[in-house]
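Trainee: Submitted below is the structure of interest, expressed as structure tokens.
Every number here is computed from the coordinates shown, using simple stated rules; none is lab data. A quick note: this is a predicted structure, and the numbers were derived from the prediction, not measured. Backbone-built Cβ (ideal geometry, glycine too); neighbour counts: all protein chains shown.
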Amino acid sequence: MRARVACVDIPALPLQLLARAHPSWRDAPFAVVEADEPQAKIEWVDPRAAALRIRVGMRYASALSISRDLRAAPVSVADIAALRAQILESLQARTPRVEPDAERPGVFWLDPSGLGPLFGSLEKWSAHVHGALTTLELRGAVVVGFARLPAWAVARGRDDALVLRSAAEEAELAGRARLVHLDLPPELRSALAALDVHHLSGFLALPRGEVGLRFGPEASRLHALFDDALRPPMQPAGFEEPIAIEAELDPPDDDANRLLFCVKGALHALMAELGARSLALRALTLRFELERHPDHVEHLEPARATRDAGSVIELVRLRIADVRLGARVERVVLVAEPARLDGRQLELFRGRRRDPDAAARSIARLRAAFGDPSVTRAVVRDAWLPEHRFAYEPTTSVDAPDPSPGDGGALVRRVLPRPEAVPHGRDGRPRTQPPLVELTGPYRVQGGWWMQETLRDYWFGERADGALLWLYQDGSTGGWFLHGHVD
Amino acid sequence: MAVRALPLRVPFAGPLSGGLVRALDLPDRARKGLPPGLLVELSRGPGAAATTAAVQIVLASQRAGDPAAWIQPEGGTLYPPDLAAAGVDLDGLIVVHVPPRAGRAGLPKAAELLLRSGAFGAIVVDVEGQAPPRGGAWLGRLGSLAREHACRCVFLTAPSEGSLGPLISLRLRAARRRVRPGRFVLETEVLKDKSGAHPTLPGPALHLGPAGLP
């Protein structure tokens, strides 16, 4: 008897993620944009927006001119990864063998072997899996079939659970699937449309050798997958259950050094447990249970997954050195987030003089000492207002530098996090101490017209003592503000 | 050019000597930059260009293939778009924001953790407005780590705060001077030089002002 495979298909995952985050948008046309900017491109549109002729690739400002009711927001890669992890965890509760599809973010492959008798029938099991999607406020289909991509082709356009009786039924239903729903590469889809091939059955009727010859190896691979000629083995995602160890303190204690030794003992036991499972420590959560006080929780992440207790205990020492616990600690609970050991080949001849791993370790120490958001890299953004032109993003590593080769220098400004109001005289000019001897400008900056318009006239003011101030006059109030200075 | 280079380096000569050298007058060969392993103090103030000078040190480190770090108190005034305009690769620069709860030891502690790794070619510590720890032990530790790992550790201080301590190898004041519209040179005044290496600030002779600055 041929093995079965189940496909969970959640179409337009970013759109569904957005709908979950903004329940009030469900009755309005909405779209996913690449960034929160008026000129950002639209990446996904819901059926209401599509009916208004708002298309993928259009600028948000253009789409807004079609419908003022359009709602839009960006969806980050991290958000999608988090949702996929949530779906995976939910599906793993229904079957131990779940493989997230590497190419399609909304597709998961499930092994239903042995679950029919356990649930009564495969229909009941598939309905149970479909119920898991509903619980997560997601719309999608569950199809229990015989081959991967044919089952997925059947699932496209459905939002229920279906168990196929035979491989022939699967092939027949899959053959009816429209190619526009199968996420084929645009060039292949256009070429097939030119050949008047619009359904999967038409595509599969073409000789595979000819497909490979005319449209390339990727088209040939897709042909083989949809034709069930290529059967990749199931590669289920591993279970990464947290491992917890706790230590009682009798009598309760609040001395940082003694707590550190207590943690150290527990950490060695934790590392031994991780070693027995061939795993490493990706993150450590420390929970201090206090006398008559709420628990105090700290979260630490080493530079990379490790089994080196010494480096982790150093991070713990840095973190708890400045922690003020409100009461004595009764119990310490260590929860390890495991990961596969990142075995890397040692490099005999490094290309860089400085060790990037040492940099990552020092960054992990800084994050432990000052908190995760304290170590950042600066990112320059395309914006008009100076305070919107950059952002700091937390980082765990530093790249090998690639500075621009130019030999020209540039003076650098310092910008105040909050502009300071500057008084002005009767002539309307700003008054400083020492006084300004020269005022140059204005250079008008305008931004935020799609939300709250900001208009500023920027000036450079040279004070009598030589300081070069960067000032602006607010367009709405006429007030002067010091925004920074050249240094 | 080589004949002119020697007399022009005279104001730098000798430890504890002061003098004023115009970077524009230095031939390219004389502008060797700062040797690694130094604790450098750059004084800020009206008319100064300490941040610009520090950025040039970061840039020199990156051009040598070494990443750099910038340490400032939380809510600091660094303006990354100007660093990018000066040529700094922002992916090769980490910016550390030390929270107020870390106290007066926070900035040196961050510098020490980074220096100890030996993974950075330049570390800039913006100590303006932050009282440093008492005593000079922290400077001694940073100095020995900077020497061990061939790292340039630069402190940006306000002129009113005075020097951080006697263990600073080199104390400079970089001032900008307009030579023609939109073009500036950095003039470096050596307030203290214990290195004996006659160091100079790295970077080009001419600097452009930000857009709109005449």
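Trainee: Using amide H atoms built 1.01 Å from N in the peptide plane, name the residues 5+ places from residue A:328, or on other chains, whose amide H lies under 5 Å from its own.
Mentor: When sequence neighbours closer than 5 places are left aside, the close amide H contacts are A:291.
Trainee: Rounded to the nearest angstrom and ordered from largest down, what semi-axes does the equivalent ellipsoid of chain A get from its C-alpha gyration tensor (root of 5λ)?
Mentor: In descending order the semi-axes read 49, 39, 23 Å.
Trainee: Per residue of region A:307-323, what does 6.51 cos²θ - 1.76 cosθ + 1.60 with θ = phi - 60° give for ³J(HN,Hα)? Whole Hz please, x for Gly and Pro, Karplus curve as stated.
Mentor: Those phi angles translate into 10, 8, 5, x, 5, 6, 5, 5, 5, 4, 4, 5, 6, 7, 4, 9, 7 Hz.
Trainee: Can you give the longest run of chain A that contains no chymotrypsin sites (Phe, Trp or Tyr not before Pro) sitting in a DSSP loop with at most 14 other Cβ atoms inside 10 Å?
Mentor: A:1-238
Trainee: I'd like the trypsin sites (Lys or Arg not before Pro) in region A:195-303 restricted to DSSP loop residues with at most 12 other Cβ atoms within 10 Å, sorted by number.
Mentor: Counting only loop positions with at most 12 other Cβ atoms within 10 Å, the trypsin sites (Lys or Arg not before Pro) in region A:195-303 are A:277, A:292.
Trainee: Work out the length of the dipole vector of region A:413-486 about its Cα centre, built from +1 on the beta-carbon of each Lys and Arg and -1 on the beta-carbon of each Asp and Glu, and round it to the nearest 20 debye.
Mentor: For region A:413-486, the charge dipole is close to 100 debye.
Trainee: Separate question: For a quick check: with amide H placed at 1.01 Å from N, whose amide H comes under 5 Å from residue A:244's, ignoring anything fewer than 5 positions away on the same chain?
Mentor: A:336
Trainee: Considering amide H positions built from the backbone, and no H for Pro or chain starts, which residues 5 or more places from residue B:120, or on another chain, come under 5 Å of its amide H?
Mentor: Amide H to amide H, under 5 Å and 5 or more residues apart or across chains, residue B:120 pairs with nothing.
Trainee: Report for the protein assembly as shown the percent antiparallel among DSSP-assigned beta bridges with both residues inside it, nearest 5.
Mentor: So the antiparallel bridges in the protein assembly as shown amount to around 75 percent.
Trainee: Could you tell me which of rounded, prolate or oblate describes region A:362-467, using a ≥ b ≥ c as the square roots of the eigenvalues of the alpha-carbon gyration tensor, with rounded for a/c under 1.5 and, failing that, prolate when a/b is larger than b/c and oblate otherwise?
Mentor: It is prolate, given that a/c is not under 1.5 and a/b is the larger ratio.
Trainee: Tabulate in residue order the Karplus-calculated ³J(HN,Hα) for region A:386-392, using 6.51 cos²θ - 1.76 cosθ + 1.60 with θ = phi - 60°, rounded to whole Hz; enter x for Gly and Pro.
Mentor: x, 6, 9, 7, 8, 8, 10
Trainee: Determine the distance separating the Cα centre of region A:423-487 from the Cα centre of region B:74-90; give it in Å without decimals.
Mentor: 21
Trainee: Continuing with the same structure: What size of dipole, in debye to the nearest 20, comes out for the protein assembly as shown about its Cα centre when the only charges are +1 on Lys and Arg C-beta atoms and -1 on Asp and Glu C-beta atoms?
Mentor: Using Cβ point charges on Lys, Arg, Asp and Glu, the protein assembly as shown gives about 1900 debye.
Trainee: So, one more: Through the Karplus equation 6.51 cos²θ - 1.76 cosθ + 1.60, θ set to phi - 60°, convert the phi angles of region B:51-65 into ³J(HN,Hα) values in whole Hz; use x for Gly and Pro.
Mentor: 5, 4, 5, 5, 5, 5, 5, 4, 5, 4, 5, 5, 5, 7, x
Trainee: Rounded to two decimals, what is the ratio between the C-alpha radius of gyration of region A:413-486 and 2.2 N^0.38 Å?
Mentor: Taking N as the residue count of region A:413-486, the ratio is 1.09.
Trainee: To continue, here is another question. Work out, step by step, the length gained on full extension between residue A:474 and residue A:34: first 0.36 nm times the residue separation, then minus their alpha carbon distance; give nm to one decimal.
Mentor: So the chain would gain 155.3 nm between residue A:474 and residue A:34.
Trainee: Straight distance only, please: which lysines reach the Cα of residue B:109 with their own Cα at less than 26 Å, same-chain residues fewer than 8 apart left out?
Mentor: A:264, B:192, B:194
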